[in-house]
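Taking it in order: structure first as structure tokens, then the write-up.
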Amino acid sequence: MRVRALVGIGAVVLLAACDSTPKARSETTVEVSRAVCGSGWSDPHGGTQVFRVHNVGTNTAEVELVDPATGAVYAEVDGVAPGTTRPMQVRLGRGRYAFKCLPEDTDALTGSTVTVRDGPARGAPAVVPVGEQDLRDAVTTYRAYVTRSFGPLRRDVAALEREVRSGDRAAARRAWLTAHLDYERLGAAYGTFGDLADAIDRLPAGLPDGAHDKDFTGFHRIEYGLWHGESMTALRGPAGRLRTDVGTLVGGFDREQTDPNDLPLRAHEILEATLEFELTGAADQGSGSTLATARANVDGTRAVLSALRPVLTGRYRGLSGADASLDTLAKLLDAQHSGGTWTPVADLSRAERERLDGATGDALERLAPIAALAEVRRTR
């Protein structure tokens, strides 16, 4: 079950279970079912409220507190099962409110409008629900970005194969990094790539023979060979396979579907993976370039935000803060790049590591609300 209140445009607060709900000025039990929605709210007051939403019906329901004029959502509780009670906490200002019930397997129902005449002039801002078309437009924008990025990716992967075949290890290493960063900047698109994502960019962890497993392919397979003294002749096969897989990915992208609901999730998931694999060095197969990958992941995250910006503008007042946090993280990462060389994670000072981890954590905190804010909500 997921329970959340929408406080501030874009801030998402997870409520704890019933027993740990913070004490509010007023607690009111309201009943919901297929036939009634919000009955029992007879003495409205402004300020912080806890509504105890009791499902007296036979269908599990999502329940929202909305602006009856616009449908904008102040707070919601999901998965209220028959016979159960769930808390909904929200700060109410003077104005008009109504409960909206969305039971499973039946139509939505909006209860009576209730007017709050006391308390603060303004309470928690309401969030206008995101429609399917809003996200479709964002996905179209993002897919256009990915398609534009395919040209440099194919060119640089082909250059990598040429350098491997030439036998020039130093040149192949440089070409590897360029091509790998092209791929990492695609960011959110990996959910569309299917099995090719593993073929192109998987790590050896989990494979029976690790880095020597026959199924270890793609960028990191080549990285391992280039930085562990493997013969250049032996790397021709993996380099050719990578070029083929990237060509297959590019050629089939137009036929693959991108789930619109994935895009808002990627706004923070890209950097979550960065924190786990790049900033720890877990993804490093010898090149010491995981900070370069992290920097490319910042670019990928920015591309997601750019596509979602029309959806988030007016819904998330923390958007400028999210932008600023990415700028800060990018500058810290750029400081580890000098003369064409990136600092390996293992060579960071303790202070540098703490600053990077802190900046990434701050960015993740500011990006996290986007998944809920840009979620397509059922309205009928």
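A few points about this structure:
- Seen from residue 228, the other residues with C-beta closer than 14 Å to its C-beta sum to a net charge of 0, counting Lys and Arg as +1 and Asp and Glu as -1.
- Rounded, prolate or oblate (a/c below 1.5 giving rounded, otherwise prolate when a/b exceeds b/c) for region 249-377 by Cα gyration tensor: oblate
- Counted charge near residue 68, where neighbours are those whose Cβ lies closer than 10 Å (Asp, Glu -1; Lys, Arg +1): +1
- Theoretical FRET efficiency, 1/(1+(r/R0)^6), r = Cβ-Cβ of residue 233 and residue 121, R0 45 Å, to 0.05: 0.05
- Positive-pole candidate from 300, 275, 286, dipole of region 245-317, charges at beta carbon: 300
- Based on the convex hull around the alpha carbon atoms, region 83-237 presents an average projected area of 16.7 nm².
- Principal axis dimensions, region 122-178 - Cα atoms, whole angstrom, descending: 67, 24, 10
- Loop-resident GluC sites (Glu not before Pro) (DSSP state other than H, G, I, E or B) in region 243-303 with no more than 15 further Cβ atoms inside 10 Å of their Cβ: 256.
- Cα centroid of region 190-216 to Cα centroid of region 96-141, whole Å: 43 Å
- Taking region 193-255 and dividing mean pair separation by its residue count, relative contact order in percent (alpha carbons under 8 Å, at least six apart): 33 percent
- Helix-only arithmetic for the chain: the sum of -39500 (n - 2.57) across DSSP H runs with n ≥ 4, divided by the residue total, places the mean residue ellipticity at 222 nm at -14000 deg cm²/dmol.
- Förster-model FRET efficiency, 41 Å R0, residue 214 and residue 136, C-beta, rounded to 0.05: 0.50
- Under 5 Å between amide hydrogens, built in the peptide plane, is the criterion, and for residue 130 it picks out 377 among residues at least 5 positions away or on other chains.
- Span-rule helices in the chain, defined as complete DSSP H runs reaching 30 Å or more along the axis (Cα) with Kyte mean at least -0.5: 290-312
- Sequence ranges 239-246, 119-126, ranked by mean other-Cβ count within 10 angstrom, highest first: 239-246, 119-126
- Considering region 132-373 at the alpha-carbon level, its Rg and Dmax are found to be 18.0, 56 Å.
- Translational diffusion of region 75-175 was estimated from the Stokes-Einstein equation, with Rh taken as the Kirkwood radius over Cα pairs; at 10 °C and 1.306 mPa s the coefficient is 80 µm²/s.
- For region 35-105, the alpha-carbon radius of gyration amounts to 1.06 times the rule-of-thumb value 2.2 N^0.38 Å expected for a compact globular protein.
- With each label modelled as a point 7 angstrom along the Cα→C-beta vector, the residue 105-residue 376 pair spans 2.3 nm.
- Summarised as an ellipsoid, region 247-289 has semi-axes of 27, 18, 5 Å, derived from the eigenvalues of the Cα gyration tensor scaled by 5 and square-rooted, with the largest first.
- What the Cβ-Cβ distance of residue 276 and residue 198 gives, at R0 = 22 Å and to the nearest 0.05, is a FRET efficiency of 0.85.
- Radius of gyration, Dmax [region 184-282; alpha carbons; angstrom]: 14.8, 44
Since every read-out is calculated from the coordinates, none of them should be taken as a lab result. Computed from a predicted model, the values in this text were never measured in an experiment. All Cβ positions, glycine included, derive from the backbone under ideal geometry; neighbour counts span all protein chains shown.
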